[in-house]
Amino acid sequence: MNEPDLRIFSYLPNPRVMKAAIAAKLCNVSLDIVGTKPAELANWLWDVHPRPLEAHEKFNHSPHARTAQRGFDGTLFKTDAFLRLQPFGTVPAAFSPDGDVGIFESNSILRAVARLGASTRPLYGPNDYEASRIDAFLDANLVFAREAQVYLLEIAGLTKQAHARMVSAYSFYMAGVEAALSLDTSHLAGNALSIADISFVCDLAQFLREGHSVEMLRTQGFELISANGPETYPRTFAHLFTLANSPEFAAVLGSYLDWYHRVKAS
Ligand SMILES: N[C@@H](CCC(=O)N[C@@H](CS)C(=O)NCC(=O)O)C(=O)O
């Protein structure tokens with residue numbers, strides 16, 4: 001088998017990995033994506049060469065045992081070699097083919113794919129200024145996505161403050177995206193599809209999964225933050241679904257957003 005251009009380890013499916021997978025399809029970069037269902041990743045060795053653990057390797061005094069930090073509970077098994085390359089100890093975790101370079105943060109893994117495939121299809125802007133504007137969207141996405149991560153992890157027991165904080169982060173982000181799409185351009189950062197659009201689709205698609213918790217929110221006295229989204233932010237939702245339905249996005253997203261259409265249609 002030919003060596004891939006980039007290796008990625010994560011729980012799957014993961015919209016943060018989908019960012020890299022969509023870009024890879026668009027610019028013909030080969031990825032080796034390794035992982036398993038979220039609940040099963042605690043049974044894997046988080047390493048430069050990740051693999052399922054044997055039962056006898058899973059004990060609390062293992063040199064690899066670490067306390068999970070966010071999104072996981074209990075103990076995870078991360079090697080020193082993994083943590084040298086992935087200092088925040090998170091997934092998705094990407095590696096250069098030789099395993100010498102670790103790349104973390106899904107937006108930066110996305111950037112890596114765009115750089116590797118730039119000669120096939122430029123997804124990272126035609127010049128330094130445009131690339132920096134794309135970076136600015138990626139930064140804004142990350143701020144939104146971090147707020148969304150905290151909100152979704154706490155959704156079973158939200159405080160009023162936590163809910164209000166997400167409302168504010170959502171409105172700020174969505175208003176900015178809507179404003180960008182109200183300019184005379186077809187995409188977020190200009191007239192060409194870029195990694196800014198890819199990151200936007202995946203992060204917003206993940207946030208919309210608050211819709212799975214509508215009853216849980218109601219019992220706490222909250223409504224869906226994204227309710228009336230298409231009415232309040234029409235350009236943003238149109239952009240999301242136009243891209244999500246395009247071939248390369250649809251091939252990676254699969255059924256990830258199907259539930260949203262079902263709920264909206266009912
Ligand atoms: N902003 C990061 C988020 C990555 C992240 O927080 N990953 C969590 C799972 S959702 C993780 O790997 N946690 C490891 C731990 O709990 O130790 C990205 O986009 O890649």
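Every read-out reported here was derived from the displayed coordinates using simple, explicitly stated rules and does not represent laboratory data. Computed from a predicted model, the values in this text were never measured in an experiment. Quick reminder, even Gly has a Cβ in these numbers, built from the backbone with ideal geometry, and neighbours come from all protein chains shown.
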Checklist entry - How about segment 64-129: which trypsin sites (Lys or Arg not before Pro) there are in a DSSP loop, with at most 15 other Cβ atoms within 10 Å of their Cβ? => result Arg70
Next on the checklist: What does the net charge come to around Ile22 if you take all other residues with beta carbon closer than 14 Å to its beta carbon, with K and R at +1 and D and E at -1?
Outcome noted: +2
Checklist entry - What translational D, rounded to a whole number of µm²/s, comes out for segment 81-228 from Stokes-Einstein when the hydrodynamic radius is the Kirkwood one over Cα pairs, at 37 °C and 0.692 mPa s? => result 193
Next on the checklist: Among DSSP bridges having both ends in the chain, what percentage is antiparallel? Round to the nearest 5.
Outcome noted: 60
Checklist outcome for this item: Note to self: C-alpha centroids of segment 3-62 and segment 99-138 sit apart, in Å, by 20
Item to check | Residue-averaged [θ]222 nm for the chain, counting only DSSP H segments that reach four residues, each worth -39500 (n - 2.57) | outcome: -14500 deg cm²/dmol
Next on the checklist: Out of all DSSP beta bridges in segment 6-116, what portion is antiparallel? Express it as a percent rounded to 5.
Outcome noted: 55
Next on the checklist: Please compute the volume of the convex hull spanned by the alpha-carbon atoms of the chain and report it per residue in Å³.
Outcome noted: 146
